[in-house]
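One structure below.
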Amino acid sequence: MSQQTKNAIMESFIRLVGKKPLDKITVKDIVEDCDITRNTFYYHFQDVFDLMGEVFHSQFRLVMEREKEAGSWAKLLPEYIKFAQQNRSFLLHIYHSSHRDELERIFFVTATEYITQALRNYPEAVSVSDENLSLLARMLFHVLNGMLHEWMNSGMQEDPILSLPQMQKMLEDMVSAGLIAGNRN
């Protein structure tokens, strides 16, 4: 029951952020939407940012499960893009939040953790130091995050699917080159 309540709170949050700016969402909005008490909310989360962090973590856990099936996270780019396009309002409301710096910090920590895990699935990663894997994960994060920022700054009008084959190939080449370089050090 407790996990169901926690999931309902996260789903409510995602739904609410899709409808209105993050800065306008309160704990009161979430508890009313879920039909729970404030105490129930605070049993699961410290505040809205703690909730946001858990939403990021849960989404990345799903990505990692899919990555294992696909064999490569770069092959999942179409799913990432489709998710972003379907959740355009949600992403833009987060992006334009006055708390964007805090949200980006949460996103950075979560994303680099999962990118590092994905890199460990490559056979070439066996002999790469943790320090070099972490560096490669941070580099990949900044490349992908920079592209995401550029797309969001344009209002997400361009369809990135058009350049998807090139992006997938370049990302795979970056990973391979990064793992080779990481093995040398």
It is to be established whether one or more residues within the stretch 157-172 are closer than 25 Å to E104 by Cα and among the small types (G, A, S). no
Give the residue that is modelled with the highest pLDDT, with candidates limited to residues of the stretch 35-54 that are under 23 Å from F108 (Cβ atoms) and crowded, with 17+ Cβ neighbours inside 10 Å. F45
How many residues does the stretch 33-55 hold that are assigned to a helix (DSSP H, G or I), among the hydrophobic types (A, V, I, L, M, F, W, C) and within 16 Å of R15 (Cβ to Cβ)? 6
Selection from the stretch 17-32 of residues surrounded by 17 or more Cβ atoms within 10 Å (Cβ to Cβ) and over 18 Å from the mean Cα position of the chain (by Cα) yields I25, I30, V31
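Would it be correct to say that S134 is in contact with a helix residue (DSSP H, G or I) (Cβ under 8 Å, 6 or more places away or on another chain), small (G, A, S) and not in a helix (DSSP H, G or I)?
Against the criterion (in contact with a helix residue (DSSP H, G or I) (Cβ under 8 Å, 6 or more places away or on another chain), small (G, A, S) and not in a helix (DSSP H, G or I)), S134 does not qualify.
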The stretch 55-100, subset modelled with pLDDT under 80, over 14 Å from L148 (Cα atoms) and aromatic (F, W, Y), residue nearest to the chain's Cα centre (by Cα): F60
Scanning the stretch 137-176 for residues that are small (G, A, S) and part of a helix (DSSP H, G or I), the one nearest to Q85 (Cα to Cα) turns out to be S163
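Condition check ((1) at negative phi; (2) touching a His at 6+ places or on another chain (Cβ under 9 Å); (3) among the small types (G, A, S); (4) free of Cβ contacts under 8 Å to residues at least 24 places away in the same chain) across all residues:
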| residue | (1), (2), (3), (4) |
| --- | --- |
| R100 | yes, no, no, yes |
| E113 | yes, yes, no, no |
| A118 | yes, no, yes, no |
| I161 | yes, no, no, no |
Any idea which of (1) in contact with a helix residue (DSSP H, G or I) (Cβ under 6 Å, 6 or more places away or on another chain); (2) farther than 23 Å from R105 by Cα is the one G18 doesn't satisfy? (2)
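The values are calculated or read from the model by the stated rules, or taken from the named source; none is laboratory data. A quick note: this is a predicted structure, and the numbers were derived from the prediction, not measured. Cβ sites come from the backbone with ideal geometry, for glycine too, and all protein chains shown count toward neighbours.
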